[in-house]
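To start, the structure under review is shown below, and the notes come after it.
Read the figures in this text as sums done on the coordinates, not as results from a lab. Small disclaimer: the values here were computed from a predicted structure and weren't measured. Here Cβ is always computed from backbone atoms with ideal geometry, including for glycine, and neighbour counts include all displayed protein chains.
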Amino acid sequence: MKKYGLIGYPVGHSYSQDFFQKKFKKLGLKDHSYDLFEMEFLNEFPALWLKNPTLQGVNVTVPHKEKVIQYLDKLDTSSIKVGAANVIHKQGGKLVGYNTDYMAFRESLEGWVGKFKGEALILGSGGASKAIQAALSDLNIPYNQVSRTSKGGDYTYDQLKSNPDILSRFMLIINTTPLGMFPNNDSLPDLPYKRLTKGCYLYDLIYNPDQTAFMKQGELNGAKTKNGLEMLELQAEKSWEIWSS
Ligand SMILES: NC(=O)c1ccc[n+]([C@@H]2O[C@H](COP(=O)([O-])OP(=O)(O)OC[C@H]3O[C@@H](n4cnc5c(N)ncnc54)[C@H](OP(=O)(O)O)[C@@H]3O)[C@@H](O)[C@H]2O)c1
């Protein structure tokens, strides 16, 4: 038996479990399973591996992607760059951390914008934001960050609203906040959308609904938009590449 799974809190609706159950079925891997391991506190992490000796790897989700690093034996460069791991692989008895959010966003963005010249604006300063920052740095795309608090970023939403010209500078805006995610479909980052530059790119990490309120406002004001589904699929595929290598 080869076990895989997802740790996080809560882990209610999991795209990963659906993805891997379908994948194992398609590949005829009857001795592979993918379970949800709800874990409120990370001090339960070592016991998970002791209780499940056939566990080969896990995905990590909110709120543990950053703090889980202290429990790992080795970090791949991707998780070092981001300072967080969303994939763990047990290799020769050692736990190795990777960050496939970063790898997936980088690949997806390059495929969408090509050789992008301009500045980017990242909305939010959480775990996903750190993966996006690492990818933009790799691609030599300068960026600023927006946060609800002045400590969290270069601008607050209030500053952008009182100086809306600032927004026109950015040709790429990435939403890494949870705003707009089902069932809160009507919520969106508080930006002066009318000041978007025509033809700019809005990338939303949210993938449900297909068209978020952020994307809708972008399109109404001449932006090109993309949701987070491709990134989600790519990060899952990359987890499998790591586990099956
Ligand atoms: N498509 C994908 O593959 C993919 C991958 C990873 C994550 N995601 C999605 O990205 C989202 C963020 O994930 P995460 O792990 O970064 O979560 P997180 O660590 O909780 O961070 C989200 C950040 O968003 C901002 N934020 C939170 N609530 C907000 C609110 N009510 N209004 C405005 N800003 C708010 C906060 O930044 P400030 O405090 O600085 O404002 C917070 O740090 C989630 O919805 C997740 O599902 C998608």
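The table below gives the values:
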read-out: Relative contact order [Cα under 8 Å, 6+ residues apart], the range 93-199, whole percent; value: 26
read-out: For the range 2-98: span of alpha carbons on each principal axis (Å, largest first); value: 34, 30, 27
read-out: Fewest-first ranking of 102, 143, using other Cβ atoms within 10 Å as the exposure measure; value: 143, 102
read-out: The range 108-234 - Debye-derived log10 I(q)/I(0), Cα point model, q = 0.18 Å⁻¹; value: -0.95
read-out: Cβ-placed point charges (K, R +1; D, E -1), dipole of the chain about Cα centre in debye, nearest 20; value: 320
read-out: Test item: Cα-centred dipole of the range 2-98, Lys/Arg +1 and Asp/Glu -1 on Cβ, debye; value: 440
read-out: Residue (of 177, 206, 79) at the positive-pole extreme of the chain, dipole from beta-carbon charges; value: 79
read-out: Kirkwood Rh and Cα Rg combined as Rg/Rh, the range 168-245; value: 1.07
read-out: Normalised per residue, the volume of the convex hull around the Cα set of the chain (Å³); value: 127
read-out: Helix-only mean residue ellipticity at 222 nm for the chain, each DSSP H run of n ≥ 4 adding -39500 (n - 2.57), per residue, nearest 500; value: -10000 deg cm²/dmol
